[in-house]
Amino acid sequence: MLTSVSTRGFEGGHAFGPRVSLGVVAGATLSPDFRSVTVSQTSAFTDSFSSSPGAFLLGGMVEVAIEGGLFFEGDALHQPMRSTGRGGFDSDISSHTQIFNAWTFPLLGKYKFSAHGVKPFLEAGPAFRDVPEPQGLSPYGVTAGAGIEAHLWRLAIAPSVRYTHWGRYSPTVAGAVVPFENQVEVLAGFSF
């Protein structure tokens, strides 16, 4: 049995060497999760469903330097999807909120430009989603974004805007919750 201990992997402030960075990503959605829908089942009974932008996103990220400004980034983001429903008879209206816990996994190719201490970047790649409810949400999408990376000592700070287009919604049962296929979010990555 052999073992080895080395501090070389921590050179330059990177735990896994100078080509791999680990960090966190935080942000918010700018688009609603679900479409606003009103369903009148009888002349006196009405249901309406709505969703607001601003879901808080949080997760981890890993970035690998490939060659000459090219990078690969993988994220695991928790995104609560929220739908508010109001319904009932004319004199008895009640409201309720449903929260669907979704995890998204964008896998992005990035190109960073060098420009006087900051690095503007473009990113694009596939995105995957794990959400058990509502059933019928597409688990596949395509993501593209742009941002700027700056450094504060050894900390890289990278605010960005991302657009994701998800596949078609295929509900397994009829319902009033209809998701948007297009999503816009603002994010900030913090990595070492």
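The values are calculated or read from the model by the stated rules, or taken from the named source; none is laboratory data. Just so it is clear, the model here is predicted, and its values are computed rather than measured. FYI the Cβ positions are ideal-geometry reconstructions off the backbone, even for glycines, and counts take in every protein chain you see. All accessible areas refer to the heavy atoms of the entire protein, side chains included, with ligands and DNA or RNA removed. Shrake-Rupley method; radii C 1.70, N 1.55, O 1.52, S 1.80 Å.
At-a-glance table
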quantity: Computed label-point distance, nm, for sites SER138 and LEU70 using a 7 Å Cα→Cβ extension; calculated: 2.7 nm
quantity: Candidate residues PHE100, PHE105: accessible-area rank, largest first, probe 1.4 Å; calculated: PHE105, PHE100
quantity: Built amide H within the under 5 Å cut-off of VAL178, gap 5+; calculated: ARG35
quantity: Modelled FRET efficiency - R0 22 Å, ASP130 with ALA26, Cβ distances, 0.05 increments; calculated: 0.70
